[in-house]
Every structure is written in structure tokens, then in C-alpha cells.
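All remarks here apply to the structure that follows.
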Amino acid sequence: MTVYELLNPEKEYLKGKKAFIFDMDGTLIDSMHYWARPDDHDIASFPSYGEYMKDKYDRLIEPKPTSYEFLRLLKDNGVPVCFATDTPKWMSKGFFERHPEFSSLFEFYIDSEDIGASKRQSGVIYTRAAEKLGFKKEECLVFEDHNHAVLAAKAEGFDVVGVYDDINAENADVIKQNSVDYINDYGEMMK
């Protein structure tokens with residue numbers, strides 16, 4: 001069964017796609033409000049901003065609605081998936097410890113520390129992810145919630161599905177203009 005046959009047949013851009021590259025924050029997990037609007041009083045009790053965010057992954061950050069179900073559907077049907085994120089593994093480790101079901105759903109997790117550049121600097125993370133998955137750019141679909149990341153993925157030659165997140169809602173027009181689709185929920189991707 002192809003990806004197109006597996007998912008919502010109204011999504012014509014799925015034809016020829018064989019693997020998915022997901023951003024994590026704001027795309028699969030509900031974490032952007034901690035990144036965008038940290039609690040200044042709370043952050044003062046941590047030695048660094050990174051440690052503040054690590055605490056949020058360790059204790060508070062949860063999956064976005066239907067993200068697990070969508071990833072599970074892909075895994076159960078042999079669709080290769082990876083995470084390509086600016087968030088370092090050491091920081092998000094606690095989320096995966098609290099949600100071990102997520103850990104089994106992706107082939108690998110690549111972060112900007114692995115490649116030496118953030119998505120604001122370059123879209124090379126997507127190319128490396130596609131290479132590691134073993135697919136051509138045109139066979140992969142990238143899911144992103146932030147305008148700079150959508151632009152970076154598109155500049156690298158990838159088709160992108162924009163994912164709504166309230167923190168980046170003000171950039172929805174830019175995301176929509178540079179994406180093959182814009183979804184509010186992964187239920188829209190499923191039959």
C-alpha cells in the first residue's frame with residue numbers, strides 16, 4: 001500500500017511520497033508556548049534557559065492532539081518517519097521517558113547539534129534526514145509549524161505541510177504560501 005492509498009485521498013501531493021520528516025516542537029508536541037513565552041519568575045530558578053526548557057520536557061510538555069495516532073498509523077503501515085528538530089536530544093529526553101510510546105514510532109532523531117546548524121541558518125537538516133532515511137527529497141514530506149523552518153525546508157527542495165500552532169498563527173499566511181498544505185490537526189491527514 002502506498003502512502004497515498006493509506007492516507008486521505010484528497011491530499012494529492014501524497015502521490016509518490018514514501019517517508020515523512022517531522023519537526024517536533026509545535027508540530028508533534030505542544031511546547032512552543034514555553035519557548036516563546038517563558039515564565040520569567042520560573043526561569044530565574046534555573047542555571048540556564050536550556051535547563052529551564054529541559055525541566056518543561058521532563059515534567060509538563062505533552063503531545064499535540066492526534067499526533068500519536070498519526071505516527072502510529074504510519075509505523076503500523078511501514079512508512080519511515082524521523083524527527084528533524086532544533087531541540088537537542090539531551091533537552092527533550094524527559095518527554096520521551098514520560099511518553100515511551102513515541103520513541104518506537106520514528107527511525108531516528110536528528111537535531112541541529114548533530115549537523116552544526118539551526119533551521120534559521122540552513123535547511124540542511126532536512127537533506128541529511130532524507131539521506132539517512134534513504135530517500136530522495138521528492139519522496140519525502142516535511143511537517144513544520146514555523147515560518148522560518150517552512151522556508152528553509154522549501155529552499156532545500158522539499159514539499160512541506162504546514163501545521164497550525166497558536167504561537168505561529170500570526171505567520172500562517174507565509175506558511176500557507178510556502179506549503180503544499182496547511183493542517184490544524186493530523187486527523188485531516190487520515191481517512
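Laid out as a table, the results:
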| read-out | value |
| --- | --- |
| Per-region count, the range 139-164, residues out of contact with any strand residue (DSSP E or B) (no Cβ under 8 Å at 6 or more places or on another chain) and in contact (Cβ under 8 Å) with a residue 60 or more places away in the chain | 2 |
| From the options 183, 125, 110, residue that is more than 13 Å from residue 27 (Cβ to Cβ) and surrounded by fewer than 22 Cβ atoms within 10 Å (Cβ to Cβ) | 110 |
| Selection status of residue 132, touching a His at 6+ places or on another chain (Cβ under 8 Å) and either buried (at least 16 other Cβ atoms within 10 Å of the Cβ) or modelled with pLDDT of 95 or more (or both) | no |
| Yes/no for residue 137 being closer than 19 Å to residue 181 by Cα and surrounded by fewer than 19 Cβ atoms within 10 Å (Cβ to Cβ) | yes |
| Identity of the residue in the range 28-54, of a type in the set (D, E, K, R) and within 24 Å of residue 162 (Cα to Cα), that ends up modelled with the highest pLDDT | 30 |
| So residue 91, is it in contact (Cβ under 8 Å) with a residue 40 or more places away in the chain, among the aliphatic types (A, V, I, L, M), over 23 Å from residue 161 (Cβ atoms) and not in a loop (DSSP other than H, G, I, E, B) | yes |
| Complete set of residues in the range 60-88 that are within 14 Å of the chain's Cα centre (by Cα) and assigned to a helix (DSSP H, G or I) | 67, 68, 70, 71 |
| Failed condition for residue 118, given (1) closer than 21 Å to residue 31 by Cβ; (2) in contact (Cβ under 8 Å) with a residue 60 or more places away in the chain; (3) in contact with a helix residue (DSSP H, G or I) (Cβ under 6 Å, 6 or more places away or on another chain) | (2) |
| Selection within the range 158-174 - buried (at least 18 other Cβ atoms within 10 Å of the Cβ) and acidic (Asp, Glu) | 159, 165 |
| Residue 175 modelled with pLDDT of 95 or more, in a helix (DSSP H, G or I) and either more than 14 Å from the chain's Cα centre (by Cα) or not small (Gly, Ala, Ser) (or both) | yes |
| Residue in the range 70-84 that is closer than 22 Å to residue 185 by Cα, free of Cβ contacts under 8 Å to residues at least 40 places away in the same chain and aromatic (Phe, Trp, Tyr) present | no |
| The range 122-138 residues that are closer than 11 Å to residue 20 by Cα, paired with ones that are charged (D, E, K, R) and surrounded by 15 or more Cβ atoms within 10 Å (Cβ to Cβ) (beta carbon under 6 Å, 6 or more apart) | 126/156; 130/137; 135/18 |
| Top-ranked residue in the range 21-59 [being part of a loop (DSSP other than H, G, I, E, B) and over 17 Å from the mean Cα position of the chain (by Cα); ranked as nearest to residue 182 (Cα to Cα)] | 37 |
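The values are calculated or read from the model by the stated rules, or taken from the named source; none is laboratory data. This is a predicted model, so every value here is computed, not measured. Heads up, the Cβs are rebuilt from the backbone with ideal geometry, glycines too, and the neighbour counts pull from every protein chain shown.
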